[in-house]
Structure formats: C-alpha cells, structure tokens
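For reference, the structure is listed below as structure tokens.
Readers should treat all values here as calculations from the given coordinates under stated rules, not as data from a laboratory. Given the structure is predicted, the values throughout are model-derived calculations rather than measurements. FYI the Cβ positions are ideal-geometry reconstructions off the backbone, even for glycines, and counts take in every protein chain you see.
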Amino acid sequence: MKTRRKAIDCTLIRESKDHPGYFKYQVTIQELDGTTHIVPAYGKDMEDALERLVWSERKEKIVKKKATTPILVSAWLATIVVPAFMAAITNSPVWILGAMAFSIVLAISTVQMDKYFNKD
C-alpha cells in the first residue's frame, strides 16, 4: 500500500528568463490513488526545485487551515462571553445552558465540515 505521494519524473525545461541562475523543471507527481499530474517547479538545480515545490505545497496547506482559525475562535468566544454576560445580568442559568448546547452543535458541525472539505 502506498503511503506517500512521489515525484516519478523531473524534466529540465529551460533557464529562467526573469531570474538568472534559476531553471524551470516539469515534475510529474504520482498521487496515492495512482493518478499522475504535472506541475512546474523552479530552482537553481533539480534538488532545489523539488524542495521549493514541497515547501510551497506545505505552505498552502497551512494557509488553508490558518484562514479558518480566527473565525472559529471568534464564534467560540461569542458563544461563551455573550451568554455569560446575559446570565449575570438576568441572574438565570438558561443562557449558560444554551451556550453549552450551541457550542457542542458548533463543534460537531465544524468537525463534519472539515472532514467534508478536506477529504483526501
């Protein structure tokens, strides 16, 4: 069973026109399911181009995850802070119970949406 993606071919295309000393490569990547696709990579040599390609793909994954974090933190804080304030003003625990229920629903839906959008 395959556990990693892998580069199965890397071809030198040309020297970079904009950046002297750098080259453009065409990398064929085999996915876990056996499909292949071709992506461009740039670097001083083939090893540098592959390192840059891996780094940029890793960075894209992090940026996707990081973009949703402030939204989730804001929603979570809103479900805790606002009901606590309302419970203190009205002297009723119903606000806290509602916030707990809403937090559980929010957490479950977030996990399900994350599974749906990141199915690999």
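Residues are listed down the side, and each one gets a yes or a no for (1) closer than 30 Å to A7 by Cα; (2) free of Cβ contacts under 8 Å to residues at least 40 places away in the same chain; (3) within 23 Å of the chain's Cα centre (by Cα):
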{"position": "E47", "(1), (2), (3)": "yes, yes, no"}
{"position": "R52", "(1), (2), (3)": "yes, yes, yes"}
{"position": "S56", "(1), (2), (3)": "yes, yes, yes"}
{"position": "V81", "(1), (2), (3)": "no, yes, no"}
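Taken together, I38, I89, I104, I62 contain a single residue that is in contact (Cβ under 8 Å) with a residue 12 or more places away in the chain and of a type in the set (A, V, I, L, M), which is I38. You will find that of A41, A99, the residue that is of a type in the set (G, A, S) and either touching a Gly at 6+ places or on another chain (Cβ under 7 Å) or assigned to a helix (DSSP H, G or I) (or both) is A99 and no other.
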